[in-house]
Amino acid sequence: MGQLWATNSLGGYLSAKNLDKKLRTANQPLAKFRQFSEVQNAIGKHVGQTFTWDIISNVVTQGATLVETNTMPETNFTITQGTLTVTEAGNSVPYTGFLNDMSEIPLTKIINKALKHDSAKAFDTLAEAQFALTPLRVAPASGTSTTAVTLTTNSVCATTNTVAFGKGHVKAIVNTMKERNILPFVEDDYMCIAWPTTFEQLDTDLESINQYTTEGYKKIASGERGRYQNMRFTEQTNIAKAKNGVWGQAKSDWMFFFGDDTVAEGIVTPEEMRGKIPSDFGRSKGVAWYYCGGFGLVRTAEANASILMWDSIA
């Protein structure tokens, strides 16, 4: 239907007696997951719908000391490829020329703001869907431990998670990531992203040791709220809680922990605002956001995966 002058809720309210000129919209978050995706290359146009990148393994045989009379040992490495598929994405708001003429507030300003918020949520949805493909799942040991975790590597959690996420889990997860040789996301730190309430127990645990106000701590990501044990915590609200409906007994919710090389974004056409060519003699108009690109999990093999998901089976 779009925006109309004849219906108050669709446009008529934009011109009314003593109308406050300050624009107020529904509260909206900006993109959080997308900021942790890496633009591998701006792949451009006319190069096909599939974008690939190479992943180089460790050498098969590790180097060691040499014996003077022996020849130099030889080894090799393997190359695998990651892939993403380029698609189009967008949304639009049509409006009538009559509404535009009657509105006291510039209509395109309102529409542009609404579409900006919509695109942020759309990009987070696309990026998070790739984060969720990680083969590494982590949960409290036995479902109840506050200091130990159990890791599975087949994309399926093997534990019913029944405890809140706390500082003991942070230590165990950071150690797991370090011992898997997952590269830090920035400097020596890994990143975590989750709903604000998922950090409640962690906040309580850290109040006494005041780790969130450590001298020299500097936020480096949008939505970042603190740092502990080489883990930086970022909150988001674009992706719903318990998206798979499996958190009936848990006191926390899904979380992602990650280092470098998370999700690749290949861009053909960066997101942009587009105006509809007016039709019906200029009476039918519209504005849209448009994007052509795609997201793909960089490291799909469990041996090289860089993302761990805090998960549960029930």
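The values are calculated or read from the model by the stated rules, or taken from the named source; none is laboratory data. From a predicted model like this one, the values you see are computed outputs, not experimental measurements. Note that we place each Cβ from the backbone using ideal geometry, even for glycine, and neighbour counts take in every protein chain shown.
Values as computed for the structure displayed
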item	result
THR87 vs. criteria under 30 Å from SER306 (Cα atoms) and modelled with pLDDT of 90 or more	yes
THR65 vs. criteria among the hydroxyl-bearing types (Ser, Thr, Tyr) and over 26 Å from GLN35 (Cβ atoms)	yes
Checklist (1) farther than 16 Å from THR108 by Cα; (2) touching a residue at least 40 places away in the same chain (Cβ under 8 Å) applied to SER279, failing item	(2)
All positions within region 239-260 that are closer than 22 Å to LYS121 by Cα and either among the charged types (D, E, K, R) or modelled with pLDDT of 90 or more (or both)	ILE239, LYS241, LYS243, ASP253, TRP254, MET255, PHE256, PHE257, PHE258
From the options THR61, THR52, THR96, THR78, residue that is on the phi < 0 side of the Ramachandran plot, surrounded by fewer than 19 Cβ atoms within 10 Å (Cβ to Cβ), at pLDDT 90 or above and among the β-branched types (Val, Ile, Thr)	THR61
Residue within region 307-314 that is within 29 Å of VAL47 (Cβ to Cβ) and surrounded by fewer than 22 Cβ atoms within 10 Å (Cβ to Cβ) present	no
Subset of region 120-174 (residues that are under 30 Å from GLY293 (Cβ atoms), of a type in the set (S, T, N, Q) and crowded, with 20+ Cβ neighbours inside 10 Å)	GLN130, THR134
Enumeration of residues in region 175-212 that are surrounded by 18 or more Cβ atoms within 10 Å (Cβ to Cβ) and among the acidic types (Asp, Glu)	ASP205
Residues within region 208-238 that are closer than 20 Å to VAL174 by Cβ, charged (D, E, K, R) and modelled with pLDDT under 80, tallied	2
Filtered residues of region 102-119 (kept if over 24 Å from the mean Cα position of the chain (by Cα) and either surrounded by fewer than 16 Cβ atoms within 10 Å (Cβ to Cβ) or not small (Gly, Ala, Ser) (or both))	MET102, GLU104, ILE105, PRO106, LEU107, THR108, LYS109, ILE110, ILE111
Region 92-108 residues that are of a type in the set (Lys, Arg), paired with ones that are in a helix (DSSP H, G or I) (beta carbon under 8 Å, 6 or more apart)	none
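A quick yes/no check of all residues on (1) modelled with pLDDT of 90 or more; (2) over 13 Å from GLY226 (Cα atoms); (3) in contact with a Pro (Cβ under 9 Å, 6 or more places away or on another chain):
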{"position": "VAL174", "(1), (2), (3)": "yes, yes, no"}
{"position": "PRO184", "(1), (2), (3)": "yes, yes, no"}
{"position": "CYS192", "(1), (2), (3)": "yes, no, no"}
{"position": "THR198", "(1), (2), (3)": "yes, yes, no"}
{"position": "LEU206", "(1), (2), (3)": "no, no, no"}
